[in-house]
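Working notes, beginning with the structure itself.
The values are calculated or read from the model by the stated rules, or taken from the named source; none is laboratory data. Fair warning: this is a prediction, and the values are worked out from it, not measured in the lab. Note that each Cβ is placed from the backbone with ideal geometry, even for glycine, and that neighbours are counted across all protein chains shown.
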Amino acid sequence: MALKRIDPAQVEQGMYIHAFQGNWFTHPFWRAHFLVEDEARCAALRASGLEALVIDTDKGKDLPKAAADSSSSPPPGALRRRNASPAMIASPFAASPGLRPPPRAASGQASGPVPIAREFGSARRAAGKATRIISKVFLEARLGKAPRVAEVAPVVEDIFASIQRNPYAFSGLMRCKAESEATYHHMLSVSALMVSLARQMRLPPGEMRLAGLAGLLLDVGLARVETDIAAIAAHTLTPEPTDDAELHGRHCLVGHDMLMAAGDVPEEVLQAVLRHHERLDGRGYPQGLDTRDLDIFSRMAAICDSYDLIVSGAATGRALDPAEAMAALMELDGPLDSAILARFKEALGVYPVGSFVRLRSDRVALVVDQSPSAPELPTVLAFYSIAVHKHVRATKIALAECYGEDAIEGIADLDALELPAAEDLREALLSGRERIDQMPYQKTSVVESAATMINTSGTPDRK
């Protein structure tokens, strides 16, 4: 493979495009790896606004010698092979066993993450806009129209931008009460989880967006199949194939065919849509593939899809605390890729944002942030005293920095404490806004106290 980076203005017919460098929305091509066969494609690439193109001179035309002298080779690490070798697929992190999360800037720096309370509002607006778009796509799919990438790409970009500002706000929002249909909510949640996982795996920005696009479209086939998320979810925790697995597997096949008909969907996305219910042990569906046949995007999709089906309650009949769902997911490390599963756990944390935990100090707290260096020691907001059965002044505690003064002892049982519904309480605490119109007086005081003490910067008001 002989790769060369060129300016878009230098593209000519007969060149083989290997990769794009620049904003993925600035060009009309959703898949690299193609031969430039006509002048129309040349013109589109020249006018794309891309920073550069990478051509493979072994598969197509090279630059004229004079122009080649002024071109440069792509920088190290800028290119990734789309089709990994069997060894790489079997162990995608074998070459980097010490891979760690990307460093986060200090909270006082402008480049640091936006506080979750502030980003929560932006994530809510993005989710509302996304739900409208996905609803339209589903309606059109039912009428026989194949969904186009251009219709849903803005949704992925909004999710990507939100996770770049704060890795946990959008996923935290998805754990709150859903105001959309279960399928739409699931699609948005899986898209956000895929972006977060790709970020943790340090995939390039373009591949992070592809991961988000795959997550968003995994279940588009449900629009034309007589089954639903709840029915499909029953197989998430079932190790053996069941009689109706073939029926449920149809949504993978139908979704894949619909997107193929659209003609502008990247191969990575098509594979994930078709294979996100396949398992490494060969017990998945619809094709019964195993570790030899499953690409990395499909492995990622299987994990993110399974987690959301578990945490939402679709797989078990009751919504689980995110920490409970994470523990249940970890038990699936046989059929799921253990290396990617480990990165997923690092991305969300042992106690993901939105988990309710019981502290050693006999308080109930909500997980509101993660520590990249210590996934088991998140930042929590303590708001309720179990000892005296009443709310207390909201206190934010970075467990990774409190030197053992407090610690998590387990997952909190909100039902036993007669607190508000978890999704309502979670939304009030994460957003910093009051949600008291539907809560009894005693329960309201907990939410109202915590909500009014969290200012827009995401820290308790000490006044």
Does A141 satisfy being at pLDDT below 90 and part of a helix (DSSP H, G or I)? yes
Quick check on this structure: which one of G404, G432 is under 31 Å from the mean Cα position of the chain (by Cα), closer than 30 Å to K345 by Cβ and modelled with pLDDT under 90? G432
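Yes or no: A365 crowded, with 19+ Cβ neighbours inside 10 Å and either in contact with a strand residue (DSSP E or B) (Cβ under 8 Å, 6 or more places away or on another chain) or in a loop (DSSP other than H, G, I, E, B) (or both)? Spell out how you get there, then give the answer.
Working: crowded, with 19+ Cβ neighbours inside 10 Å: yes; either in contact with a strand residue (DSSP E or B) (Cβ under 8 Å, 6 or more places away or on another chain) or in a loop (DSSP other than H, G, I, E, B) (or both): yes.
So A365 fits the description; yes.
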Would you mention how many residues in the range 27-63 are of a type outside the set (G, A, S) and either modelled with pLDDT under 85 or not in a loop (DSSP other than H, G, I, E, B) (or both)? 19
Within the range 391-412, take every residue that is exposed (fewer than 14 other Cβ atoms within 10 Å of the Cβ) and touching a residue at least 40 places away in the same chain (Cβ under 8 Å) and give me the one that is nearest to R118 (Cα to Cα). R393
Of the residues L332, L377, L320, which is outside any strand (DSSP E or B), more than 24 Å from T183 (Cα to Cα), modelled with pLDDT under 95 and out of contact with any His (no Cβ under 8 Å at 6 or more places or on another chain)? L377
Please go through (1) surrounded by 18 or more Cβ atoms within 10 Å (Cβ to Cβ); (2) more than 26 Å from A262 (Cβ to Cβ) for Q164 and return the number of the only condition it doesn't satisfy. (1)
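Yes/no matrix, rows are residues, columns are (1) hydrophobic (A, V, I, L, M, F, W, C); (2) assigned to a helix (DSSP H, G or I):
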position: I133; (1), (2): yes, yes
position: V137; (1), (2): yes, yes
position: A153; (1), (2): yes, yes
position: S162; (1), (2): no, yes
position: C176; (1), (2): yes, no
